[in-house]
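Presented below is the structure to which this report refers.
Values quoted throughout were computed directly from the atomic coordinates according to the rules given, and no laboratory measurement underlies them. None of these values were measured; they are calculated from a predicted model. Note that each Cβ is placed from the backbone with ideal geometry, even for glycine, and that neighbours are counted across all protein chains shown.
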Amino acid sequence: MVVEDTRIPGLLVVGAGAAVDERGWFREVVRVGELGAAAGVLPEFRQVNHAHTVAGGLRGFHAEPWSKLVYVVRGTAFCAIADVRVDSPTFGATETFLLGDPPGSAAALFLADGLANAYCAVTDVDYVYLVTAEWSPDADKRAVAWDDPDLAVAWPVTDPVLSPADAANPTLRERFGDHPRLRRPT
């Protein structure tokens, strides 16, 4: 297993090759001890979530006050991560990844507290994520528009299937308009 840093602090790519034979393939997804060493803190996962999303469906951007390990069990997902932590030096930065099939893609992503994730199902997808806190209706959740021009994600779809809530998410400028990185030059 290999854990790689990205240009966004707190976003790690967990890579693991697959052993392929006539039966199919096997991949070790994550070793929590190695992930903890790379992340600087040993994650204690408290809840496991599983979302099935149809091809063309898009979920996100959602940021919560807990860390996540995301893994695609079946299918292929185009994943986008945005840094919406107002005190981060990479506020507004994005990274994109293909997760899932084929087994040569990244195995999983680890997102530190406050990073926003979104994904588009390239095929029907089963998307599993482990989180370090149990869901709470009063958790500080920040959502951002999937098509935010400041994030400029090159999604594989132009007209995705969205929930009403995701279709109504504000842009970075609407949510964090006073942030110095979003101020327009005068």
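Counting Cα-Cα pairs of segment 74-177 in 10 Å increments starting at 0 gives whole-percent bin shares of 13, 44, 37, 6, 0. Neighbours of Lys141 by Cβ distance under 15 Å: Lys/Arg scored +1, Asp/Glu scored -1, total -1. Compute the longest continuous run of the chain that contains no exposed GluC sites (Glu not before Pro); treat a site as exposed when its DSSP state is not H, G, I, E or B and it has at most 15 other Cβ atoms within 10 Å. In the chain, the maximal stretch lacking such sites is 45-133. If you take the alpha carbon atoms of the chain and fit the smallest convex hull around them, that volume is 124 Å³ per residue. Here the contact order of segment 58-182, divided by its residue count and restricted to Cα pairs under 8 Å and six or more residues apart, works out to 35 percent.
In the calculated pair-distance distribution of segment 49-133, the portion above 15 angstrom amounts to 54 percent of the Cα-Cα pairs. In this Cβ point-charge picture (+1 for Lys and Arg, -1 for Asp and Glu), segment 59-171 has a dipole of about 180 debye about its Cα centre. If you stretched the chain out fully between Val73 and Ala133, how much longer would it get, using 0.36 nm times the residue separation minus the C-alpha to C-alpha distance? Length difference between fully extended and current span is 19.4 nm.
The Cβ shell under 14 Å around Asp5 holds other residues with a net charge of -3, Lys and Arg each +1, Asp and Glu each -1. What number results when the radius of gyration of segment 10-98, computed over Cα atoms, is divided by 2.2 N^0.38 Å? Output field value: 1.25.
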